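S.K.: Here it is, the structure, as C-alpha cells.
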Amino acid sequence: MSFPSGTLLLSNSMPRQHQGLAASLVNTIVNYSISIGLGFAGTVESRVNHGGHDVLKGFHGASYMGIGLAGLGVVIAMCFVFFSWRNSRKQGYNFVKHVT
C-alpha cells in the first residue's frame with residue numbers, strides 16, 4: 001500500500017525530468033525496509049524459539065516484532081499529519097473549507 005501512494009506523492013512533487021528518479025528512490029526505500037524488517041523478525045524468531053525447540057513461540061515473537069514495526073509506522077504517520085496540520089494552521093490554510 002505504501003509503494004503506489006509514496007511513488008505518486010514523491011513523483012508529483014518533482015519536476016518531470018526527475019520523476020523516474022523519485023519513483024526508483026521510493027522503490028529502493030521500500031525494498032530496504034522489507035529486508036531490514038525481515039532480518040529483525042528472523043533474529044527475534046531465532047532468539048525466542050530456544051534453538052528450534054519451541055517453533056510456535058518463535059513465530060509469535062516474529063509476529064509481535066511485525067506488530068511493533070507497524071505501530072511505529074502508524075505513530076510516525078500520525079506525527080507527520082499533526083505537524084502538517086499545525087504548519088497549515090500557522091499559514092492560515094483552512095482544510096475544511098478547501099475539502100467541502
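No value in this document is a laboratory result; all are computed from the given coordinates. As the structure is a prediction and not an experimental result, all values here were calculated from the model. Please note: Cβ atoms are built from the backbone with ideal geometry, for glycine as well, and neighbour counts cover all protein chains shown.
S.K.: Within 15 Å, Cβ to Cβ, of Phe82, how many net charges do the neighbouring residues add up to if Lys/Arg are +1 and Asp/Glu are -1?
M.R.: Numbers: positive: Arg86, Arg89, Lys90; negative: none.
So the environment of Phe82 carries a net charge of +3.
S.K.: Quick one: compute the contact order of the chain, relative version, from alpha carbon pairs under 8 angstrom and 6+ residues apart, as a percent.
M.R.: 15
S.K.: Students often get this wrong, so try it: which of (1) 97; (2) 129; (3) 185 is volume of the Cα convex hull per residue in Å³ as calculated from the structure shown?
M.R.: Identified label for the calculated read-out: (2).
S.K.: Go ahead and set up a Gaussian network model of the chain, Cα springs under 10 Å, then flag whichever of Gly68, Gly42, Gly20 fluctuates most.
M.R.: Gly20
S.K.: Measure nothing but the geometry: give the 0 to 90° angle between the long axis through the Cα atoms of 55-90 and the longest principal axis through the Cα atoms of the chain, rounded to 10°.
M.R.: With both axes taken from Cα atoms, the answer is about 20 degrees.
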